[in-house]
Every structure is written in structure tokens, then in C-alpha cells.
Amino acid sequence: MNLNSALKKPVFKCVAESSSELGVDTYVIGGFVRDHLLNRGTPQDIDIVAVGSGIELAQTVASKLPGKPQVSIFKNFGTAMLKHEGIELEFVGARRESYDRNSRKPTVENGTLEDDQRRRDFTINALAISLNKDTYGELLDPFDGITDLEKKIIRTPLEPGVTYSDDPLRMMRAVRFATQLDFEIELKSLQAIAQHKERIKIISKERIVDELHKILASEKPSNGFALLHKTELLPFILPELIALQGIEEKEGQRHKDNFWHTLEVVDNIAETTDNLWLRWAALLHDIGKAPTKKWHKKIGWTFHAHEFMGSKMVYTLFKRLRMPLNDKMKYVQKMVLMSSRPQILSEEFVTDSAVRRLVHDAGEHVDDLMTLCEADITTKNSSKQKKYKNNFKLVRQKIEEVEQRDHIRNFQPPVSGEEIMETFGIKPSREIGIIKDAIKEAILEGEIPNEYTAAKRFMMKKGKEIGLKAK
Ligand code: CTP
């Protein structure tokens, strides 16, 4: 097969010229070839393999490119990288490798192209295109990756046990590619992953989280989590989710399986938003249910305060996975903490003050919260589904109405602490907090509108009540 069409970028000609000057055979390999054959948009990076020194080739290429880009050299790995027109070009010498069992660091020897292809993760990532004069554009595919691409199969070039054990990150990559590309992992591979699952422990949390992000960002993330479950990798990564699995029955009363429910919620939300952190919130919204589950003779199953427990668990989980403990985490915590609030609202007669409180507490994220709640509807009973969806629609409408009138989102106190001090001639003290809170409460309850004059009048009244005198 000739893939000249993949090599339109002028940089390939430059690589070809450089390698012919150096007398080394060179190929484009990996994700670039795979994605070209799958028609998957423009690449972020291009991997070049040279049967010789990748570093030397990179330096020669850089010297010929306009602007002579800088080459980053990773001597220990025998690789080099340069950036050209927004794309990262990675150069590596063809290698045979065997890995140390306790780390991902390989011992490296020079090898042929086929040696190099054999040590790669999947047949679909081992496809190479020649950049050599006589065979320019020709596809080199000794492991029949092209058939796997057509049949949508994730398969390893070597015995799967060897490939995964060599680099256990590949277990996550298999799941991730299967999810991203909507491929199947072949049975032998699935079995090998289950067999080597414990080896995931040597992989850094950051790499694991990278893969989780990519799974969550896919069109149907549940496929990935179902695979992590099937291969038994999930307990090593997100035990909180595994704890949600299963249905208990007492005296004829069952609760739903919150693991599979959660995966449905994640798929639902993936249909409406690309916000990765909102997708994380969907994944974690019920994790507090496992530790709070209780059976009561009179009322059945309860998960009392699971949202609060869940939001605490988000912190522990982020910390364990070395995820950022920043505003992203706080956002996920907030979504989990508030995840039942719109539900409660929609079940009752919706008062303006309840809506104002919801908008006040959710602030700028109130729309995201509604999106999460809508995704949380997984009932298979179509009349119930219709009813719940309609209820949320009403809550959304009410939010709009109340917001237009009262401007509660991003609430700013209409009277400042300074003005309170000035008016009553007092220094910073508890009283200021009391008055400010009372004003806020009065606005949320609808006793006064959210505006300066009314708030000032209310301040005077409240001040008097607690024994303050205006200057
Ligand atoms: N590779 C591998 N084992 C790994 C990581 C990478 O064998 N653990 C090989 C694969 O041949 C892969 C290539 O290195 O195609 C480049 O890796 P990377 O850039 O991580 O992946 P891509 O295949 O380019 O895909 P993506 O960019 O979607 O991650």
C-alpha cells in the first residue's frame, strides 16, 4: 500500500533528505500513521524512527528547517524532539528492548525497524510509512495492523502478557484507545490485562490520570469504565466506584446499582458537555453513597448526607491520584455537594426563595449543576423520565425569572461592611457580620429586593435591633 498522501507536509521531504545524507533508513510510525488511516484530524505530534541515531537525524533536520528550531535531546532514552509549525517531531533510533520488571525503564539495544515495531504497544500503533528514496510512502506492517484497524481491534504485536508486563501503562492505553476509537480489545489481551493488573501499581498516578482524562473525554466514557471494571484494573485506580457496585435487597426493598447508574450518568452528560471537570463530577457524584448506605425498617434504604460525604471523598481521591487540589477540585466538590439540591426543589412546589438560595449557593455554576441533575435521570420508565425532565425544565425557567429580577448569581452585598462601620461609627466587629448576613437572608427570603436603598433601610432597622446607634 502506498501512503504518499499522508506525507504532504514539506517537513517529511526534509526528514527524507536528511536521512539520505546520513545514510540511515527512516520511517514515520505510530499515532500519526494510525490517525491518518482513520481520518482522525490533524496530528499534534509525529514520531520518526531511524535505523541509526535518532538524535543525529533530529539535529540534521533542524539545521535544514527554516528558523533552525532548537532540538531537545533525551540522551538516556536516545530520543530527540523539535517543534515545527506547532507540531512536535519526535525522533528515535530503532530499538530492541527488554524492560526491568520493577520499573518502566527499558534496557535498550539498537535494532531493525521490525524489532522496533515488535516492541510497540499495539499493532495499530506499529504501522510505519517509509521515508526512504526507493520505497517512499510505502506502508510497512509486519503485524497486520491494517486488518486490525479495519476490524476495529486492539491487539499487541507480541504475546500480550509480554507487551503489558514490559510496560503496564499499556493496559490503560488499551482501554483508552478502545474507548476513544470505539474498538474492541481482543480476548487474549483482556485476559492478559486481568492477569497482570497488579503491575499497574508501578505506573505513576499522573500517567494513569492522563488516560482517565482521555477516557472521560471520549464520546461514550462508560465503555472505558466498563473495560476497567472487566479487566479488574478499576479497584487499583478508583476503588470508590467499585464500592458502588451491587444491589442489596432487604424485606423486598432493593436500591439501584449505583456503579452502573453512574456510568449511565457519565454517558448522558457526555452528550451535552465537553467540560471535563463536569464529567468528573458526574463520575463521582454518588461516591458518598457506599459509606452512608443504611437500612431502616420503616423507611428502607437511605444514603443520608451522601453528598457531603462524597464531596469530602473527592478531596481524598484527588490527593491520592495526585490530581490538582485547586479550583478544579473545588468545582467538582461543589457539584457533588449540591448534586441533589435541584432534585429536592423540583419535587416540591418551587418557591422563589428556594430558587434564590440555589442560585446563590451554586453561583456561576448553576447551569452546570442543572446539567448534572438532568444527566442523573436514568429511569427506564418513560413517563417518570418525562416528568423529571419537565420538573427540571420548570426549575430552569424559574432560575431565569428570579435571576432577571434579583441578580443573585455572583451575589455582591448591596451594602458594604465599610458603610456599616461608617454609619454606626463602629470598628471591625461581629456586629458587621450579623448585619451583612441579615441583609443577605432578607434578600434571599424575598423580604427586600436586591438593591441599595432597600438594603440600607433594612440595615438601619437591624442595627437598631442589636443596640447600635447611627452616628
Ligand atoms: N508507545 C508504546 N508504548 C507506550 C507508549 C507509546 O509502544 N506505553 C508507542 C506507540 O507506538 C505509539 C507511539 O509510541 O503510537 C507514540 O506514543 P504516544 O504519542 O503516547 O501515542 P500516540 O499513538 O501518538 O497516540 P496519542 O497521541 O493519542 O496518545
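The values are calculated or read from the model by the stated rules, or taken from the named source; none is laboratory data. All values derive from a computational prediction rather than experimental measurement. Glycine also receives a Cβ, built like all others from the backbone with ideal geometry; neighbour counts cover every protein chain displayed. To get the accessible areas, we keep the full protein, side chains included, count just its heavy atoms, and leave off ligands, DNA and RNA. Shrake-Rupley method; radii C 1.70, N 1.55, O 1.52, S 1.80 Å.
Applying the selection to the stretch 97-128, what residues are within 13 Å of the ligand (Cβ to nearest atom), at pLDDT below 95 and in a strand (DSSP E or B)?
Glu97, Tyr99, Pro106
Residue pairs, Cβ under 7 Å, 6 or more apart or interchain, first in the stretch 19-46 and on the phi > 0 side of the Ramachandran plot, second of a type in the set (Gly, Ala, Ser) and away from the ligand (no atom under 11 Å from the Cβ). List them.
none
Kindly evaluate Ile242 against the criterion of being within 25 Å of Ile154 (Cβ to Cβ), touching a residue at least 60 places away in the same chain (Cβ under 8 Å) and in contact with a Pro (Cβ under 6 Å, 6 or more places away or on another chain).
No.
What do you reckon, is Gly246 assigned to a loop (DSSP other than H, G, I, E, B) and under 29 Å from Val336 (Cβ atoms)?
For Gly246, the condition - assigned to a loop (DSSP other than H, G, I, E, B) and under 29 Å from Val336 (Cβ atoms) - is met.
What pairs come out if I take residues in the stretch 72-86 that are in contact (Cβ under 8 Å) with a residue 24 or more places away in the chain and surrounded by 13 or more Cβ atoms within 10 Å (Cβ to Cβ) and pair them with residues that are in a helix (DSSP H, G or I) and charged (D, E, K, R) whose C-beta lies under 9 Å away, six or more apart or interchain?
Pairs that qualify, where the first residue is in contact (Cβ under 8 Å) with a residue 24 or more places away in the chain and surrounded by 13 or more Cβ atoms within 10 Å (Cβ to Cβ) and the partner is in a helix (DSSP H, G or I) and charged (D, E, K, R), are Ala80/Glu56.
When you check Gly31 against the structure, is it within 21 Å of Leu127 (Cα to Cα) and within 16 Å of the ligand (Cβ to nearest atom), yes or no? Lay out the reasoning, then the answer.
On the way: within 21 Å of Leu127 (Cα to Cα): yes; within 16 Å of the ligand (Cβ to nearest atom): yes.
Criteria met by Gly31.
Considering only residues that are open to solvent by less than 50 Å² (accessible area, probe 1.4 Å) and part of a loop (DSSP other than H, G, I, E, B), which ones fall in the stretch 249-274?
Listed by number, the residues that qualify are His255, Asp257, Thr273.
Kindly indicate whether any position in the stretch 207-222 is touching a strand residue (DSSP E or B) at 6+ places or on another chain (Cβ under 8 Å) and over 20 Å from Phe236 (Cα atoms).
no
Mind checking which residues of the stretch 216-265 are of a type in the set (Gly, Ala, Ser) and on the phi > 0 side of the Ramachandran plot?
Gly246, Gly252
Give the residues of the stretch 222-239 that are in a helix (DSSP H, G or I) and either more than 13 Å from the chain's Cα centre (by Cα) or within 16 Å of the ligand (Cβ to nearest atom) (or both), sorted by residue number. Before the answer, list the steps.
Quick first cut of the stretch 222-239, residues in a helix (DSSP H, G or I) only: 222-230, 234-237, 239.
Asn223, Gly224, Ala226, Leu227, Leu228, His229, Lys230, Leu234, Pro235, Phe236, Ile237, Pro239, listed by residue number.
Provide a single number: the residues in the stretch 179-212 that are within 12 Å of the ligand (Cβ to nearest atom), open to solvent by 40 Å² or more (accessible area, probe 1.4 Å) and not polar (S, T, N, Q).
2
Looking at (1) open to solvent by 30 Å² or more (accessible area, probe 1.4 Å); (2) under 15 Å from Asn110 (Cα atoms), which is the one condition that is false for Glu90?
(2)
How many of the residues making up the stretch 41-52 are open to solvent by 30 Å² or more (accessible area, probe 1.4 Å) and in contact with a helix residue (DSSP H, G or I) (Cβ under 8 Å, 6 or more places away or on another chain)?
6
Restricting to the stretch 164-178, name every residue that is part of a helix (DSSP H, G or I), open to solvent by less than 10 Å² (accessible area, probe 1.4 Å) and more than 8 Å from the ligand (Cβ to nearest atom).
Tyr164, Met171, Met172, Ala174, Val175, Ala178
I need a count of the residues in the stretch 293-309 that are under 22 Å from Leu238 (Cβ atoms) and either out of contact with any strand residue (DSSP E or B) (no Cβ under 6 Å at 6 or more places or on another chain) or surrounded by fewer than 16 Cβ atoms within 10 Å (Cβ to Cβ) (or both).
Of the residues in the stretch 293-309, 5 are under 22 Å from Leu238 (Cβ atoms) and either out of contact with any strand residue (DSSP E or B) (no Cβ under 6 Å at 6 or more places or on another chain) or surrounded by fewer than 16 Cβ atoms within 10 Å (Cβ to Cβ) (or both).
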